[in-house]
Amino acid sequence: MVKRLILTAVVSFFGGAFMVSALPERNYYEISTENLKRAEAFRGMPYQDSYGNWTIGYGTLLPLAESQAELLLIDYQLEMDRFLRGHFRDWDSFTENRKAALVEMCYTMGPGRFMTFKEMNKAIRRNNWDDAAKEAQDSKWYREDVGEARGKRVVNMIKRG
């Protein structure tokens, strides 16, 4: 449930009175989000609604529009950014290309598997980008998961920055 309380101090000189009031303020988006989440109930796997339409999440119709999928993509990339930011203390000093490459790797394999790249992660922490690129290239992720063309592109972004 979304709860937000905005404290509003109102100073009034009517008879020298000072009044402080606490006003609950929620916008329509917060109210409708709360109501829809309660009414629709979250389902992480596709299901058929009462009309036989395939849906997912909070009643989102399938197939997704590309714009909806792009919002999900952006949201997941932000999750990967938060994970990587917590994993590498020097994250803000990395070039944009290196950040993009690491987000892409983490996106395709998930944070858990990304953590298994121990030597690559050590190299990144040392700012040894050549070794980090070699470790990424010497992996199943590179050879099988993403294909050579994509793997080369990501590895070059890590190496060259």
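Annotation note: Cβ proximity below 6 Å between a residue of region 121-139 that is under 15 Å from Asn156 (Cβ atoms) and a residue that is of a type in the set (Asp, Glu) and part of a helix (DSSP H, G or I) (sequence gap 6+ or interchain) occurs for Glu135/Glu119. Of the helices (runs of 4 or more DSSP H) that lie entirely inside region 49-161, those containing 3 or more residues that are within 23 Å of the chain's Cα centre (by Cα) span 66-87, 96-114, 118-125, 148-160. Summed over region 57-101, the residues that are polar (S, T, N, Q) and either touching a residue at least 12 places away in the same chain (Cβ under 8 Å) or at positive phi (or both) give a count of 3.
Readers should treat all values here as calculations from the given coordinates under stated rules, not as data from a laboratory. Given the structure is predicted, the values throughout are model-derived calculations rather than measurements. As a convention, Cβ positions derive from the backbone with ideal geometry for all residues, glycine included, and neighbour counts pool all protein chains shown.
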